[in-house]
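These notes concern the structure reproduced below.
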């Protein structure tokens, strides 16, 4: 019997391994691999903790963290969205393109969120810019240079916020990032 011996670098190239990192609170980062498996890395303690998997891996994800406002700073919500959506869904259906990792009292859950109203309107939807507004109560995204949509993070409902786009590209830094 013959076995090929391959280096780690070659295996990574063949399997197209990739890890995406999303900042959370303080010195903590969520790391997600190409299969949607998540771990939380704490740079202060050098600790790694397994997190719930995403429902579906993201190819070009964007993320925003909204702290809950607790004193300890560990609770909050990490919204992970696919930047480019090719598979529209019907209104009222849940999309796997928008997920929430909810940090609450030491527990983490992964939930699917409803798609924005534009899902399925355009053949290809590209999130051009995104940001949290105010205290994290609104998640806003601008799509295809045509419109901006807002999700009430408490009610988890979407609305069209503007006909135009945000005047920036990529992620908008909020007051909580400083």
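The values are calculated or read from the model by the stated rules, or taken from the named source; none is laboratory data. Note that the structure is predicted; figures quoted are calculated from it, not measured. Ideal geometry is used to build each Cβ from the backbone, glycine not excepted, and the neighbour counts take in all protein chains shown.
A compact table of results
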{"item": "Residue list for segment 65-118, filter: at pLDDT 80 or above, within 27 Å of residue 160 (Cβ to Cβ), surrounded by fewer than 16 Cβ atoms within 10 Å (Cβ to Cβ) and more than 13 Å from the chain's Cα centre (by Cα)", "result": "none"}
{"item": "Any hit, segment 24-47, residues being modelled with pLDDT under 85, buried (at least 16 other Cβ atoms within 10 Å of the Cβ) and in a strand (DSSP E or B)", "result": "no"}
